Amino acid sequence: MYNVKACSAASATSPLASTTIPRRDPTEHDVQIEILFCGICHTDLHIARNEWGSVMPTVYPCVPGHEIVGRVTKVGSAVTKFKPGDLAGVGCLVDSDRTCPECKAGLEQYCPNMILTYNSPDKQLGGVTYGGYSGSIVVTERFVLRVPSNLNLAGAAPLLCAGITTYSPMRHWGVTKGKKVGVVGLGGLGHMAVKFAHALGAHVVVFTTSPHKKDDALRLGADEVVVSRNANEMQKHAGSFDFILDAVSADHDINAYINLLRRDGNLTLVGVPAKPLAVGAFALLFARRSLSGSIIGGIPETQEMLDFCGAHKITCDVEVIPIQKVNEAYERMLKSDVKYRFSIDLASLKSA
Ligand code: NAP
Ligand code: ZN
C-alpha cells in the first residue's frame, strides 16, 4: 500500500478539500497509472452531494473522478498490454464479476457486481474505491484502456465517460447517415453526442435552454439548433426524429421530446435527474415510440470509441483547471456555464 494526494468531499454539504488516500501496490494483473488529467462529470457532483442517495448512497470521504487519462508507471508480471511510459485511460468501471452473461458479452456496465471507479466496495483495501481526483490509481489490466497518442490528453480524458456514454446508445440504436437525431442539453455529454452523431453522418438537431450556445452547437456539428423554451420552434419538429438522446441533469418535461419522435422512434435517457420524470402514456402509444436508458459502455466498446476518436481526431472541448478550482467548477457546471467540460490538470495537486 502507498499513499497519494487526492481531493475529497467529507460530507454531502462540505466543499471538496485536499487529502491523502491509500492505493494498493500493483499485483500481477495490475497497472499503476500516474493521473495526468481527470474530467469533471455532473455525476461527480450528484454523488459528492449524495443526490442519488436513495439508489446509491455516498460513502464519505468521497473522491470523485471517472474520466482518467495518465501514464503507466508500473505493471504487474502478468500484464501484457501495457508497459511503463504508455498512455492509459480509466473510465467509470474498475472491475466486475467477469463471469455473468453481461461480462461475457463485453457489457460490463450491466454486470450486477460491477465495481465503479469511486464509491463502490474496494475488495483489496476495504472501504470504498476512490476516483481520479488523485495523483495515481491502480487498476486491473482488463479495465484499462489504450488512449490514441494523437489526441490532446486534457480533451481525451472526458471521453472515458462523456464520450462512451453518448457513443454507446448511438451505436445501439443505429445512428447513421440519413437519420434525424436530436440531442437534448448541450453540456459535457451533449456536446460529445453532437460530435459523434455528426461524425456518424446523421442530421443533428440540438435542443438547448441556453440561447447563447447556438453558435457553438453549429460549430460542434449540429445542423439545426432549437431553443427548447420556445414552443413554436419545438412544434416544427413534431413527429420527425428517429432518435433523441436526452442528456439533461435536472428535472424537465420529456413528453415534449417524445412527441418529436416519428413512428418507432426512440428516446434514450442518459441524464439522471435526481427526481423521477413523469411520462405521458399517449405520447408513447400513438406512434409506437420507445423510451429507454443507457449507462456508459462496456470495455470493448469503450476501446472502439477511443479508436474512433483517434481516427476522426475527436476530443472533448475542455476548460483545463487546477484542482484548487474544483468547487468553483461545480458551481459553474450547475449554471450550465462550462464549455463544455472541465478537465483537471493533476499536476496542480503537488501544490494542493
Ligand atoms: P452537464 O455538463 O452539467 O450538462 C447538463 C446540461 O443539461 C446542461 O448543460 C444544460 O444544457 C442542460 N440542463 C441543465 N439544467 C437544465 C434544466 N433545468 N432544464 C433543462 N435543461 C437543463 O452534465 P453532464 O456531465 O453532461 O451530465 C448530464 C447528466 O448525465 C447528469 O445527470 C449525469 O449524472 C448523467 N450521466 C449519465 C451517465 C450514464 O452513463 N447514463 C454518464 C455520465 C453522466 P443547455 O444549457 O444546453 O440547456
Ligand atoms: Zn460520468
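The values are calculated or read from the model by the stated rules, or taken from the named source; none is laboratory data. Keep in mind that this is a model prediction, so the values were computed, not measured. Neighbour counts run over all protein chains shown; Cβ positions are idealised from the backbone, glycine included.
Please work out if HIS42 is within 16 Å of ligand 2 (Cβ to nearest atom), farther than 23 Å from VAL144 by Cβ and either at pLDDT 95 or above or surrounded by fewer than 19 Cβ atoms within 10 Å (Cβ to Cβ) (or both). Taking the combined requirement at face value, the residue satisfies it. Only one of the numbered conditions (1) farther than 27 Å from ARG341 by Cβ; (2) out of contact with any helix residue (DSSP H, G or I) (no Cβ under 8 Å at 6 or more places or on another chain); (3) part of a loop (DSSP other than H, G, I, E, B) is violated by ARG263, and that is (3). Only residues that are in contact with a Ser or Thr (Cβ under 9 Å, 6 or more places away or on another chain), more than 12 Å from GLY182 (Cβ to Cβ) and either modelled with pLDDT under 95 or surrounded by fewer than 19 Cβ atoms within 10 Å (Cβ to Cβ) (or both) were counted in the stretch 201-245, giving 6. From the list VAL63, VAL4, VAL55, the lone residue that is at pLDDT below 95 and either more than 16 Å from ligand 2 (Cβ to nearest atom) or of a type in the set (A, V, I, L, M, F, W, C) (or both) is VAL55. Inside the stretch 25-76, residues that are out of contact with any Phe, Trp or Tyr (no Cβ under 6 Å at 6 or more places or on another chain) and β-branched (Val, Ile, Thr) make up a count of 10. In the stretch 132-178, the qualifying residues are those that are hydroxyl-bearing (Ser, Thr, Tyr) and more than 16 Å from ligand 1 (Cβ to nearest atom), and the one that is surrounded by the fewest Cβ atoms within 10 Å (Cβ to Cβ) is SER149. Going residue by residue through the stretch 58-74, is there one that turns out to be part of a strand (DSSP E or B) and within 15 Å of ligand 1 (Cβ to nearest atom)? Looking through the stretch 58-74, at least one residue is part of a strand (DSSP E or B) and within 15 Å of ligand 1 (Cβ to nearest atom).
Of all the residues that make up the stretch 178-221, how many are on the phi > 0 side of the Ramachandran plot and more than 16 Å from ligand 2 (Cβ to nearest atom)?
Here the count works out to 3.
Can you tell me which residue is nearest to ligand 1 (Cβ to nearest atom) among those in the stretch 187-239 that are of a type in the set (Lys, Arg) and part of a helix (DSSP H, G or I)? Restricting to residues being of a type in the set (Lys, Arg) and part of a helix (DSSP H, G or I), the top hit is LYS213.
Table: residues versus (1) basic (Lys, Arg); (2) surrounded by fewer than 21 Cβ atoms within 10 Å (Cβ to Cβ); (3) within 16 Å of ligand 2 (Cβ to nearest atom).
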site	(1), (2), (3)
PRO273	no, yes, yes
ALA283	no, yes, no
ALA287	no, yes, no
LEU291	no, yes, no
HIS312	no, yes, no
GLU328	no, yes, no
PHE342	no, no, yes
ALA352	no, yes, no
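Among what's in the stretch 118-168 and is of a type in the set (Val, Ile, Thr), away from ligand 2 (no atom under 16 Å from the Cβ) and assigned to a loop (DSSP other than H, G, I, E, B), pick the residue that is farthest from ILE244 (Cα to Cα). Residue satisfying both the conditions and the ranking: VAL144. For beta carbons closer than 6 Å, sequence separation of 6+ or different chains, a first residue in the stretch 47-76 that is hydroxyl-bearing (Ser, Thr, Tyr) and a second that is surrounded by fewer than 19 Cβ atoms within 10 Å (Cβ to Cβ) and assigned to a strand (DSSP E or B), the qualifying pairs are THR73/GLU34.
Of all residues in the stretch 240-253 being within 21 Å of the chain's Cα centre (by Cα) and part of a loop (DSSP other than H, G, I, E, B), which is nearest to ALA162 (Cα to Cα)? Show your work before the answer.
We begin by selecting, within the stretch 240-253, every residue within 21 Å of the chain's Cα centre (by Cα); these are 243-252.
Still in the running and part of a loop (DSSP other than H, G, I, E, B): 247-252.
Working: ALA247: 10, VAL248: 13, SER249: 13, ALA250: 17, ASP251: 20, HIS252: 20 Å.
Of everything passing the filter in the stretch 240-253, ALA247 is nearest to ALA162 (Cα to Cα).
Within the stretch 24-35, residues that are in contact (Cβ under 8 Å) with a residue 12 or more places away in the chain have Cβ atoms under 8 Å from residues that are of a type in the set (Phe, Trp, Tyr) and surrounded by 17 or more Cβ atoms within 10 Å (Cβ to Cβ) in these pairs: VAL31/PHE82, counting only partners at least 6 apart in sequence or on another chain. Of the residues making up the stretch 194-230, those that are small (Gly, Ala, Ser), in contact (Cβ under 8 Å) with a residue 40 or more places away in the chain and farther than 17 Å from ASP242 by Cβ number 2. Of the residues making up the stretch 297-346, those that are under 17 Å from the mean Cα position of the chain (by Cα), assigned to a loop (DSSP other than H, G, I, E, B) and more than 28 Å from SER18 (Cα to Cα) are GLY297, GLY298, ILE314, THR315.
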